[in-house]
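Report on one structure; see the data block that follows.
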Amino acid sequence: MPDYKLHCFAESGNAYKAALMLELTGQPWQAVFVDFFNGQTRDQQWRDEVNEQGEVPVLEHGEQRLTQSALILEYLAERTGQFGPQDEAEKREIWRWMLFDNHKFTAYYAALRFIFCLKNSGETPVVQFLRERATAAYRIVDAHLAKTPFMVGGRLTIADLSLAGYVFMPEDTGIDLAEFKHIEAWKARIMAVPGWRHPYELMPRVAG
Ligand SMILES: N[C@@H](CCC(=O)N[C@@H](CS)C(=O)NCC(=O)O)C(=O)O
């Protein structure tokens, strides 16, 4: 019986943050498929029973049910003793980047990918706005990674796993990712970590 259950679906980069953490720390875990594209996270019963915030990921561990990927990452770092901060200053630095990720890096990119790539919106003012904002966030992370191999402390931490939620997603959002050479090099470093797997291999996806 796996210790952890993760409510997730393959296209969710937010769920991937938790799934990759479980995988890299060697935790036995089981995926519980959430049928996001058919509205499951909007279903009132699902919200009542699984997450009142209507979002994936949700991590179940014994009696505990955790939501918000950053909080899940911190919980797993504390439980496993891996990829967490070494002191209070690092803890603040990790949170600083996880908040930036949630507010900008993941948020704009994921919204752009959802509307433009998964919903095939075509070019609209909203798409253009999101692309500009996502590109600006990518520039900030790229500039930081020009100075350090990983986001905090020179080693892989949960700050990297948070920011890496969407960077391996294959869809073409219209952003020229080759522009971000330091992000590309950082991605290669993450892929080289033993146990790394692509989101579409790690989590369940609707066939077809
Ligand atoms: N800040 C949240 C974001 C979670 C999130 O937006 N999840 C998406 C899937 S990737 C979702 O479930 N959205 C449901 C909806 O907006 O209806 C986290 O990091 O866990």
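The values are calculated or read from the model by the stated rules, or taken from the named source; none is laboratory data. Keep in mind that what you see is a predicted model, and the values were worked out from it rather than measured. Heads up, the Cβs are rebuilt from the backbone with ideal geometry, glycines too, and the neighbour counts pull from every protein chain shown. Note: accessible area is taken over every heavy atom of the protein model, side chains too, but ligands, DNA and RNA are not part of it. Shrake-Rupley method; radii C 1.70, N 1.55, O 1.52, S 1.80 Å.
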ask   = Mind listing P(r) for the stretch 88-191? All alpha-carbon pairs, 5 Å bins, whole percents.
value = 2, 13, 24, 25, 18, 10, 6, 2, 0, 0
message = I'd like to know which of Ile115, Thr157, Ala137 lies farthest towards the positive end of the charge dipole of the chain, counting +1 on Cβ of Lys and Arg and -1 on Cβ of Asp and Glu.
response = Ala137
Förster radius 35 Å - calculated FRET efficiency between Arg79 and Gln45 (Cβ-Cβ, nearest 0.05) = 0.75
key: Within the chain: Cβ-based charge dipole about Cα centre, in debye rounded to nearest 20 (Lys, Arg +1; Asp, Glu -1)   = 420 debye
message = Place a point 7 Å from the Cα of Val206 along the Cα-to-Cβ direction; which residues of the stretch 1-23 have their backbone N under 14 Å from it?
response = 9-12
message = Going Cα to Cα from Lys5, which lysines come in below 23 Å? Please leave out same-chain ones fewer than 8 positions away.
response = Lys17
Heavy-atom accessible surface of the chain: percent carbon and sulfur, 1.4 Å = 50 percent
inquiry  = Taking the alpha-carbon distance from Lys147 and a cut-off under 23 Å, which lysines remain once sequence neighbours fewer than 8 residues away in the same chain are dropped?
reply    = Lys91, Lys104, Lys181, Lys187
task = Whole number in Å², please: accessible area per residue of the chain, 1.4 Å probe, ligands, DNA and RNA not counted.
result = 49 Å²
query = Which whole number of Å³ per residue matches the convex hull of the alpha-carbon atoms in the stretch 53-123?
reply = 115 Å³
note = Per the Cα gyration tensor, the stretch 130-208 corresponds to an equivalent ellipsoid with semi-axes, largest first in Å, of 21, 18, 10
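Given a Förster distance of 30 Å, report the FRET efficiency between Leu177 and Leu71 from their Cβ-Cβ distance, rounded to the nearest 0.05.
According to the calculation, E is roughly 0.60.
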request  = Towards the positive end of the charge dipole of the stretch 46-155, with charges on Cβ (+1 Lys, Arg; -1 Asp, Glu), say which of Leu99, Pro57, Leu76 has the farthest Cα.
outcome  = Leu99
note = On the formula 1/(1 + (r/R0)^6), with r taken between the Cβ atoms of Glu123 and Phe37 and R0 of 25 Å, the FRET efficiency rounded to 0.05 is 0.65
ask   = How would you classify the chain from its alpha-carbon gyration tensor, with a ≥ b ≥ c the square roots of the eigenvalues: rounded for a/c under 1.5, else prolate if a/b is greater than b/c, otherwise oblate?
value = oblate
task = Net charge near Asp101: determine it from the other residues with C-beta under 12 Å of the C-beta of Asp101, scoring Lys and Arg +1 and Asp and Glu -1.
result = +2
